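Before any comments, here is the structure.
The values are calculated or read from the model by the stated rules, or taken from the named source; none is laboratory data. All of these numbers come straight from a predicted model, not from anything done at the bench. All Cβ positions, glycine included, derive from the backbone under ideal geometry; neighbour counts span all protein chains shown.
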């Protein structure tokens, strides 16, 4: 598993069937090798994250995380999934990518239960 399997927003893309069968390219695939043009990306969050940090990062890596208007707007949606994506980035900020990937390894979807590492 790599950090590239985590969307800029905190979604865990490894479980996505469309990504696995090639019908979805996710928010990160194809930009490193020039297959896709980041300047044409519609998602401002993705554009910001990939431009500043590259494909192995998420918005959790950003020093402006707490005050970012893009994140505030994104996580301001009332849907359950947005709350779970926000929880994922908070978990990464507190416990790191390794702990997040370990917690997400048994998930069947883009979000799930996050159990902090013991110790």
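Consider segment 42-67 and keep the residues that are assigned to a loop (DSSP other than H, G, I, E, B) and touching a residue at least 12 places away in the same chain (Cβ under 8 Å). The one that is surrounded by the most Cβ atoms within 10 Å (Cβ to Cβ) is 58.
Residues in segment 98-114 that are in a helix (DSSP H, G or I) and closer than 23 Å to residue 20 by Cβ: 6 in all. Looking only at segment 15-24, count how many residues are surrounded by 14 or more Cβ atoms within 10 Å (Cβ to Cβ) and either in contact with a strand residue (DSSP E or B) (Cβ under 8 Å, 6 or more places away or on another chain) or in a loop (DSSP other than H, G, I, E, B) (or both). Result for segment 15-24: 1.
What are the residues in segment 87-97 that are assigned to a helix (DSSP H, G or I) and either at pLDDT 95 or above or surrounded by fewer than 17 Cβ atoms within 10 Å (Cβ to Cβ) (or both), if any? Passing the criteria: 87, 88, 89, 90, 91, 92, 93, 94, 95.
Within segment 25-41, count every residue that is exposed (fewer than 12 other Cβ atoms within 10 Å of the Cβ) and in a helix (DSSP H, G or I). Residues meeting the conditions: 2.
Restricting the first member to segment 98-119 and to residues that are crowded, with 17+ Cβ neighbours inside 10 Å, and the second to residues that are assigned to a loop (DSSP other than H, G, I, E, B), the beta-carbon pairs closer than 6 Å and six or more apart or on different chains are 101/1; 103/114; 103/115; 110/11.
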